[in-house]
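Notes follow the structure.
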Amino acid sequence: MELRKRLGCLHAHYSNIEYIENALSPFNIELIHFVDPALMYRVTLDENYQESDAQNKAKEQIEWIAQCNVDAILITCTNYIAIFQEDQLSISVPIIKIDEPFFEFICDIQQPQTILFTNPATVEGTVERLKHYANNHQKFLDIEIIVINNTFELIMQGLKEEYNQEISKFLNQIIKDEKKVISVAQLSMVDASQQVEYKTSKTIINPLSTLVSSIVTQLELEKKNQ
């Protein structure tokens with residue numbers, strides 16, 4: 001009998017678990033979830049919290065997950081991805097960053113694009129990584145970044161329905177006014193974007209749709225290397 005691959009998943013909020021569970025349910029993968037919203041609270045709200053402290057905390061969490069006999073680690077929070085320094089990790093477990101397949105997809109789009117966020121604290125790090133990815137792959141990006149203000153606090157408070165409503169309202173408006181390709185950059189925005197996509201038949205790119213094949217490919221590669 002084939003052994004199930006074990007994927008350790010690091011989230012900044014509990015709401016992300018359902019997305020990953022549903023997306024990977026067709027595959028023979030055991031998911032172990034690690035959730036810590038506290039780091040994002042400190043980074044977002046505590047002006048005295050140093051970047052080096054955040055990097056050390058993220059490093060500690062990722063190395064702890066690596067010790068739990070996982071075949072790979074998935075990081076679903078773009079803020080975590082922007083914070084941690086991969087070259088400082090003392091692990092051999094491969095790390096899958098949710099935004100890299102997303103970057104690859106949108107870098108192949110030739111048209112002007114609008115990328116939406118709800119968490120202002122994650123914008124700078126994510127956009128910097130996106131531009132770095134585009135430069136490394138010699139891709140030209142014509143992007144506009146928009147933050148849906150006063151929204152991210154809702155999901156952090158557990159008000160998922162209200163959070164989705166605010167995103168849906170914004171998406172419905174921008175679809176009427178905007179001719180650009182639209183994407184949402186955060187996993188927490190997927191539900192709302194899919195609801196609007198279904199009702200309007202307008203394509204809205206999200207990081208979950210680009211992620212699954214990347215995870216399966218990485219775990220298959222790990223199996224061959226064992």
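The values are calculated or read from the model by the stated rules, or taken from the named source; none is laboratory data. Since this is a predicted model, take the numbers as computed values, not measurements. Cβ placement follows ideal geometry from the backbone for every residue including glycine, while neighbour counts extend to all protein chains displayed.
Do you know which of the residues in region 72-89 that are touching a Leu at 6+ places or on another chain (Cβ under 9 Å) and not in a loop (DSSP other than H, G, I, E, B) is nearest to ASN56 (Cα to Cα)?
Residue satisfying both the conditions and the ranking: ILE83.
Return the residues of region 56-71 that are among the polar types (S, T, N, Q) and outside any helix (DSSP H, G or I); say none if nothing qualifies.
Within region 56-71, GLN67, ASN69 meet the criteria.
Output the residue which, of all residues in region 5-24 that are modelled with pLDDT of 90 or more and not in a helix (DSSP H, G or I), is surrounded by the fewest Cβ atoms within 10 Å (Cβ to Cβ).
Ranking the qualifying residues of region 5-24, first place goes to ARG6.
Given the options SER92, SER52, name the one that is surrounded by fewer than 20 Cβ atoms within 10 Å (Cβ to Cβ), in a loop (DSSP other than H, G, I, E, B) and of a type in the set (S, T, N, Q).
Only one candidate qualifies: SER92.
Mind counting the residues in region 26-75 that are under 22 Å from GLY158 (Cβ atoms), without any contact (Cβ under 8 Å) to a residue 24 or more places away in the chain and in contact with a helix residue (DSSP H, G or I) (Cβ under 8 Å, 6 or more places away or on another chain)?
Total meeting the criteria: 1.
For ILE143, work out the one condition from (1) touching a strand residue (DSSP E or B) at 6+ places or on another chain (Cβ under 7 Å); (2) in the same structural domain as VAL35 (by TED's automatic domain parsing) it doesn't fulfil.
Of (1) touching a strand residue (DSSP E or B) at 6+ places or on another chain (Cβ under 7 Å); (2) in the same structural domain as VAL35 (by TED's automatic domain parsing), only one is false for ILE143: (2).
For region 158-179, how many residues meet the condition of being over 19 Å from the mean Cα position of the chain (by Cα) and over 14 Å from ALA192 (Cα atoms)?
Number satisfying all stated conditions: 4.
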